[in-house]
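Remarks on the structure that follows.
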Amino acid sequence: MSGLLPGDPAAVVGGEATPRAHCVLAPNPSPMTLDGTNTWLLAEPGSDLAVVVDPGPLDDAHLRNVVETAERQGRRVALTLLTHGHADHAEGAARFAELTGTKVLALDPAHRLGDEGLRHGQRLEVGGLDLRVVGTPGHTADSLTFHLPADGAVLTGDTVLGRGTTMVAHPDGQLGDYLDSLRRLHTMASEHGVRTVLPGHGPVLADALGAVDYYLAHRANRLAQVETAVEAGCRTAGEVVARVYADVDRALWPAAELSVRAQLRYLEDHGLI
């Protein structure tokens, strides 16, 4: 969801991002998906096996482009992972599995293809690639981040975007969970060598700690604004959106209302309104 910018609005999206991560941009730009969905092709240098994270929408040309990109690198896709189940990330997963003969692993059983799931703390190894699973619920209940320790990078899906801020998709997403997830990423950036954010939308962020600090400050500011709006007499989420998000493109107000509902629930649960 766009707004103030933690990243460079002119940055190029797509192509090689780190020694182990290559972005194939899906052709689904919109106010919500920014430039489009970032499909990530991951591989250890010198390996002939690759992992794909978030195949993206059900767009056959895009899915085939991901496979062909791997083949041009001399690699075969061996595994498919999902950061979460929203359609712009996951709708093409079943078709992609047909094209590649891979399993699709996700936290939510509804989006898996195969019996295996994913869990926080899990370690995956494919062709020498070391990938760690980090639970980051909040945007959705099933949101995951994937940590590439060798690159000091995290693939954050919609938890942290490359441009603007994300929504908490109430009621599935919960603001308390989201804030905890941001704090978890903050610890990874401040204490465990994470430098780079490979987001689900928008350009790569080279300052992971700065991006997470921005997100935490933004959330604190929005919560204060929502609390003030309620104190001023706003009684519905729509009324709060009109007051607090007046400077945001109205095309984004429906998404803003989901976040406001999550913020109101959080404030109520903590006895602040």
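Can you tell me which residue among Gly117, Gly127 is within 23 Å of Glu91 (Cβ to Cβ) and either surrounded by fewer than 21 Cβ atoms within 10 Å (Cβ to Cβ) or not β-branched (Val, Ile, Thr) (or both)?
Working: Gly127 fails: within 23 Å of Glu91 (Cβ to Cβ).
Step by step, each of Gly117, Gly127 is checked, and only Gly117 is within 23 Å of Glu91 (Cβ to Cβ) and either surrounded by fewer than 21 Cβ atoms within 10 Å (Cβ to Cβ) or not β-branched (Val, Ile, Thr) (or both).
Does the stretch 7-29 hold any residues that are in a loop (DSSP other than H, G, I, E, B) and aliphatic (A, V, I, L, M), and which are they? Give the derivation first.
Restricting attention to the stretch 7-29, the residues satisfying the condition of being in a loop (DSSP other than H, G, I, E, B) are 7-14, 19-20, 26-29.
Result: Ala10, Ala11, Val12, Val13, Ala26.
Determine whether the stretch 10-20 contains at least one residue that is of a type in the set (A, V, I, L, M), at negative phi, loosely packed, with under 14 Cβ neighbours inside 10 Å and at pLDDT below 95.
We begin by selecting, within the stretch 10-20, every residue of a type in the set (A, V, I, L, M); these are 10-13, 17.
When the remaining residues are screened for being at negative phi, the result is 10-13, 17.
Still in the running and loosely packed, with under 14 Cβ neighbours inside 10 Å: 10, 12.
Those left that are additionally at pLDDT below 95: 10, 12.
Yes: the stretch 10-20 contains one or more residues that are of a type in the set (A, V, I, L, M), at negative phi, loosely packed, with under 14 Cβ neighbours inside 10 Å and at pLDDT below 95.
Out of Pro45, Pro55, I need the residue that is outside any strand (DSSP E or B) and touching a residue at least 40 places away in the same chain (Cβ under 8 Å). Which one?
Numbers: Pro45 fails: touching a residue at least 40 places away in the same chain (Cβ under 8 Å).
Only one candidate passes the filter, namely Pro55.
Only one residue in Arg183, Arg195 is over 15 Å from the mean Cα position of the chain (by Cα), closer than 29 Å to Arg112 by Cα and surrounded by fewer than 20 Cβ atoms within 10 Å (Cβ to Cβ). Which one? Give the steps one after another, and end with the answer.
Numbers: Arg195 fails: closer than 29 Å to Arg112 by Cα.
Exactly one of Arg183, Arg195 is over 15 Å from the mean Cα position of the chain (by Cα), closer than 29 Å to Arg112 by Cα and surrounded by fewer than 20 Cβ atoms within 10 Å (Cβ to Cβ), namely Arg183.
Of the numbered conditions (1) surrounded by 15 or more Cβ atoms within 10 Å (Cβ to Cβ); (2) closer than 26 Å to Asp48 by Cα; (3) out of contact with any Phe, Trp or Tyr (no Cβ under 8 Å at 6 or more places or on another chain); (4) touching a residue at least 12 places away in the same chain (Cβ under 8 Å), Val134 satisfies every one except a single condition; which is it?
(3)
Just a yes or no: is a residue in the stretch 30-40 without any contact (Cβ under 8 Å) to a residue 40 or more places away in the chain, assigned to a strand (DSSP E or B), out of contact with any Asp or Glu (no Cβ under 9 Å at 6 or more places or on another chain) and under 20 Å from His147 (Cα atoms)?
So in the stretch 30-40, the residues without any contact (Cβ under 8 Å) to a residue 40 or more places away in the chain come out as 30, 39.
Pick out the ones that are also assigned to a strand (DSSP E or B) and you get 30, 39.
Among the residues that remain, those that are also out of contact with any Asp or Glu (no Cβ under 9 Å at 6 or more places or on another chain) are: none.
Within the stretch 30-40, not a single residue is without any contact (Cβ under 8 Å) to a residue 40 or more places away in the chain, assigned to a strand (DSSP E or B), out of contact with any Asp or Glu (no Cβ under 9 Å at 6 or more places or on another chain) and under 20 Å from His147 (Cα atoms).
Identify all residues within the stretch 129-157 that are more than 23 Å from Ala206 (Cα to Cα) and touching a strand residue (DSSP E or B) at 6+ places or on another chain (Cβ under 8 Å); write none if there are none.
Residues satisfying the conditions do not exist here.
So that you can scan it fast, the table gives a plain yes or no per residue for (1) crowded, with 23+ Cβ neighbours inside 10 Å; (2) at pLDDT 95 or above; (3) under 15 Å from the mean Cα position of the chain (by Cα):
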residue	(1), (2), (3)
Asp8	no, no, no
Leu25	no, yes, yes
Ala43	yes, yes, no
Ala50	yes, yes, no
Val66	yes, yes, no
Thr69	no, yes, no
Arg75	no, yes, no
Gly85	no, yes, yes
Asp88	no, yes, yes
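Among the helices (runs of 4 or more DSSP H) confined wholly to the stretch 200-273, which include 3 or more residues that are under 13 Å from Thr165 (Cβ atoms) and free of Cβ contacts under 8 Å to residues at least 60 places away in the same chain? Walk me through it before giving the result.
Details: elements: 208-231, 237-244, 253-269.
Helices (runs of 4 or more DSSP H) meeting the threshold: 208-231.
Among residues belonging to the stretch 52-64 that are within 21 Å of the chain's Cα centre (by Cα) and either among the aliphatic types (A, V, I, L, M) or closer than 17 Å to Glu125 by Cβ (or both), point out the one that is surrounded by the most Cβ atoms within 10 Å (Cβ to Cβ). So that I can check it myself, show each step before the final result.
We begin by selecting, within the stretch 52-64, every residue within 21 Å of the chain's Cα centre (by Cα); these are 52-59, 62-63.
Filter again for either among the aliphatic types (A, V, I, L, M) or closer than 17 Å to Glu125 by Cβ (or both), leaving 52-53, 58, 63.
Details: Val52: 28, Val53: 23, Leu58: 15, Leu63: 25.
Applying the filter and picking the extreme gives Val52.
Filter the stretch 90-142 down to residues that are among the hydroxyl-bearing types (Ser, Thr, Tyr) and more than 21 Å from the chain's Cα centre (by Cα) and give me whichever is farthest from Val24 (Cα to Cα). Break it down into steps so the answer makes sense when it comes.
If we filter the stretch 90-142 for residues that are among the hydroxyl-bearing types (Ser, Thr, Tyr), which is where we start, we get 100, 102, 136, 140.
With the extra rule that they be more than 21 Å from the chain's Cα centre (by Cα), the set shrinks to 100, 102.
Working: Thr100: 16, Thr102: 18 Å.
Among those residues, the one meeting the criterion is Thr102.
Considering only residues that are at pLDDT 95 or above and surrounded by 22 or more Cβ atoms within 10 Å (Cβ to Cβ), which ones fall in the stretch 150-167? Write out each step before concluding.
Taking the stretch 150-167 and keeping what is at pLDDT 95 or above, we get 150-162.
Passing the criteria: Ala153, Val154, Leu155, Thr156, Gly157, Asp158, Thr159, Val160, Leu161, Gly162.
The values are calculated or read from the model by the stated rules, or taken from the named source; none is laboratory data. What you see is a predicted model; the values in this text were computed from it and never measured. All Cβ positions, glycine included, derive from the backbone under ideal geometry; neighbour counts span all protein chains shown.
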